[in-house]
Amino acid sequence: METKNIILKLRTGRGMSQDELADKLMVTRQAVSRWENGDTVPNTETLKLLSKEFDVSINTLLGEPRKLICQCCGMPIEDDSILGREKDGTLNEAYCKWCYADGTYTYNDMDELIDVCVKNMVNENFTEEQARSYMKQILPQLDYWKRYDELSDNGQFEAFKEQLIKEINDLQIDGLPRVERLNALVGKYVNLEYTLPNGKKIKFLDDQKTYLGNQLESEFGGDRCFGILANMDFIMVCTYEENGKDPELLIYKKR
């Protein structure tokens, strides 16, 4: 789809007139009309404003001329919904939301990232050894790891994760093994629905946000696992059966 059609579709899908969009972007109605007629294309700064207004990437606005690949883990980015975000909520087209969230890189250890990725890559046609070898080959070629000394935060995020791990372990929950690692998890995939004592059902997470968490088997055995989720604001611990069935909230603690 061409840029002119994309802008038209986004505008009309929002129920906005050309005048309303022009006001938001601080341009004239005639400028919007020229974009939608294909006479001109918005300049770089206006594309940034359009990206923020409609919550789509500039690459999408331009008709996806580039095939985006996360420059941290190498995952193809085929949908804007899995793009990382800056602190102000704008999209970052260089990274997926598992590797970059709220303006922060979530991985500072290449071996740790490889461990996480390999678990999701192994299948009947791709062994763990093959997946690990592939990741060790591709990661050093990606921009984040090539510019690690420039882009990294000198261990600040790792220190934050270590503090979270300490706080979780200090809770001393019966049956919960000692937490050694927290991984980046997107809310959409871990946002379980809990039943409150009054019978109402509630979800605590934002599907679009990235959290830190892990899944651990109970020291007591059985079919239920522990789920841990945390960020700057809270720590949450729950248990559930396979595939997140029958979740029970144990702790929701504000930090």
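The values are calculated or read from the model by the stated rules, or taken from the named source; none is laboratory data. Nothing here was measured: the structure is a model prediction, and the numbers come from that model. Virtual Cβ from ideal backbone geometry, glycine too; neighbours counted across all protein chains shown.
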Filter result (of a type in the set (Gly, Ala, Ser), surrounded by 17 or more Cβ atoms within 10 Å (Cβ to Cβ) and in a loop (DSSP other than H, G, I, E, B)) within the range 49-84: Ser57, Gly74
Output the number of residues of the range 107-121 satisfying the condition of being among the polar types (S, T, N, Q) and either at positive phi or touching a helix residue (DSSP H, G or I) at 6+ places or on another chain (Cβ under 7 Å) (or both). 1
Qualifying positions in the range 85-137 - assigned to a strand (DSSP E or B), closer than 20 Å to Asn183 by Cβ, touching a Ser or Thr at 6+ places or on another chain (Cβ under 8 Å) and not aromatic (Phe, Trp, Tyr): Ala101
Of all residues in the range 1-22 being modelled with pLDDT of 95 or more and of a type in the set (Asp, Glu), the one that is nearest to the chain's Cα centre (by Cα): Glu20
Within the range 191-213, which residues are within 17 Å of Lys245 (Cβ to Cβ) and in contact (Cβ under 8 Å) with a residue 40 or more places away in the chain? Leu192, Glu193, Tyr194
Would the range 24-44 turn up any residue that is surrounded by 15 or more Cβ atoms within 10 Å (Cβ to Cβ), under 21 Å from Asn92 (Cβ atoms), in contact (Cβ under 8 Å) with a residue 40 or more places away in the chain and touching a Phe, Trp or Tyr at 6+ places or on another chain (Cβ under 8 Å)? no
Any hit, the range 15-23, residues being within 30 Å of Tyr144 (Cα to Cα), buried (at least 17 other Cβ atoms within 10 Å of the Cβ) and touching a helix residue (DSSP H, G or I) at 6+ places or on another chain (Cβ under 6 Å): no
Tally of residues being in contact with a helix residue (DSSP H, G or I) (Cβ under 6 Å, 6 or more places away or on another chain) and without any contact (Cβ under 8 Å) to a residue 60 or more places away in the chain across the range 69-90: 2
Here are the criteria: (1) crowded, with 21+ Cβ neighbours inside 10 Å; (2) at pLDDT 95 or above; (3) not hydrophobic (A, V, I, L, M, F, W, C). Tell me which single one Tyr107 does not satisfy. (2)
So the check is Cβ under 9 Å with 6+ separation or different chains; which pairs have a first residue in the range 138-152 that's assigned by TED's automatic domain parsing to the domain that holds Gly74 and surrounded by 13 or more Cβ atoms within 10 Å (Cβ to Cβ) and a second one that's of a type in the set (Gly, Ala, Ser) and modelled with pLDDT under 95? Tyr144/Ser152
I'm trying to understand the selection: among the residues of the range 214-231, which are surrounded by fewer than 15 Cβ atoms within 10 Å (Cβ to Cβ), touching a residue at least 40 places away in the same chain (Cβ under 8 Å) and not in a strand (DSSP E or B)? Glu219, Phe220
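Conditions (1) within 29 Å of Glu241 (Cβ to Cβ); (2) modelled with pLDDT of 95 or more, marked per residue:
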site	(1), (2)
Thr90	no, no
Lys136	no, yes
Asp153	no, no
Leu171	yes, yes
Gly187	yes, no
Would you pick out the residues in the range 233-248 that are touching a residue at least 24 places away in the same chain (Cβ under 8 Å) and either over 27 Å from Phe157 (Cβ atoms) or outside any strand (DSSP E or B) (or both)? Tyr240, Gly244, Pro247, Glu248
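Going by the conditions given, is Asp102 under 26 Å from Arg85 (Cβ atoms), crowded, with 16+ Cβ neighbours inside 10 Å and either modelled with pLDDT under 95 or among the basic types (Lys, Arg) (or both)?
Spelling it out, Asp102 is indeed under 26 Å from Arg85 (Cβ atoms), crowded, with 16+ Cβ neighbours inside 10 Å and either modelled with pLDDT under 95 or among the basic types (Lys, Arg) (or both).
Across the range 187-213, what is the number of residues that are in a strand (DSSP E or B) and more than 20 Å from the chain's Cα centre (by Cα)?
Qualifying residue count for the region: 4.
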